[in-house]
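Here the structure is laid out as structure tokens; the discussion comes afterwards.
The values are calculated or read from the model by the stated rules, or taken from the named source; none is laboratory data. All of these numbers come straight from a predicted model, not from anything done at the bench. Reconstructed Cβ throughout: ideal geometry from the backbone, glycine too, with neighbour counts over all protein chains shown.
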Amino acid sequence: MTRINLTVDGSNVSDDVEPRMLLVQYLREKLGKTGTVIGCDTSNCGACTVHLDGVSVKSCNVLAVQADGHEVTTIEGLAQDGELHQMQKSFRECHGLQCGFCTPGMIMQSVDLLKNNPHPSEEEIRVGLEGNLCRCTGYHNIVKSVQHAAAQGGAQ
Ligand code: FES
Ligand code: FES
């Protein structure tokens, strides 16, 4: 076992973990952060996307021990003081989801996308989300949601 200390959604946590434990497993199984989901665990679908020190990563592709000393934000840490993040509001308002399985990862990736490019073109949004797969929506309303969030100044 290896001792890790990190911040998850604003709280300091310390745990002994197996060195082979994936960050997504740690979040879900040890911390109960089941908002971060597993769609493939082969780095393809993006459903497990979280922020590591503010940068989006696929948490099935990161070991929990690699997050030692770092700050992790999951979909459960995006809302502040009971108010949804603008990206969450935009996905709701633009119907950017159907079953919702891909949505946590889509939103986390979209937040990072707008942080780096606050006014992306449609093509830049599609390219920025190419690592996140959705089996339901056809992506149209997802792109609209990100455009809506951008129009609202939605990187924060
Ligand atoms: S579960 Fe991580 S990319 Fe699919
Ligand atoms: S809304 Fe169902 S997978 Fe995207």
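Residue 72 meets each of the listed conditions (1) hydrophobic (A, V, I, L, M, F, W, C); (2) touching a residue at least 12 places away in the same chain (Cβ under 8 Å); (3) away from ligand 2 (no atom under 16 Å from the Cβ); (4) part of a helix (DSSP H, G or I) apart from (4). Does residue 110 satisfy being away from ligand 1 (no atom under 15 Å from the Cβ) and closer than 25 Å to residue 143 by Cα? The answer is yes for residue 110. Sub-7 Å Cβ pairs linking a first residue in segment 24-46 that is farther than 21 Å from residue 99 by Cα to a second residue that is more than 6 Å from ligand 1 (Cβ to nearest atom) and polar (S, T, N, Q), at least 6 apart or interchain, are 27/36; 27/59; 27/74, ordered by first then second residue. Under the condition of being surrounded by 23 or more Cβ atoms within 10 Å (Cβ to Cβ) and either within 16 Å of ligand 2 (Cβ to nearest atom) or farther than 19 Å from residue 2 by Cβ (or both), the residues counted in segment 20-50 number 6. In segment 131-149, the residues that are farther than 16 Å from residue 47 by Cα and touching a residue at least 60 places away in the same chain (Cβ under 8 Å) reach residues that are within 16 Å of ligand 1 (Cβ to nearest atom) and not aromatic (Phe, Trp, Tyr) with C-beta atoms within less than 8 angstrom, at least six apart or across chains, in these pairs: 149/110. For residue 19, which of the numbered conditions (1) away from ligand 1 (no atom under 16 Å from the Cβ); (2) at pLDDT below 95 fails to hold? Residue 19 satisfies every listed condition except (2). When segment 40-56 is examined, which residues are found to be within 13 Å of the chain's Cα centre (by Cα) and either more than 18 Å from residue 113 (Cβ to Cβ) or in a loop (DSSP other than H, G, I, E, B) (or both)? Within segment 40-56, 45, 46, 47, 48, 53, 54 meet the criteria.
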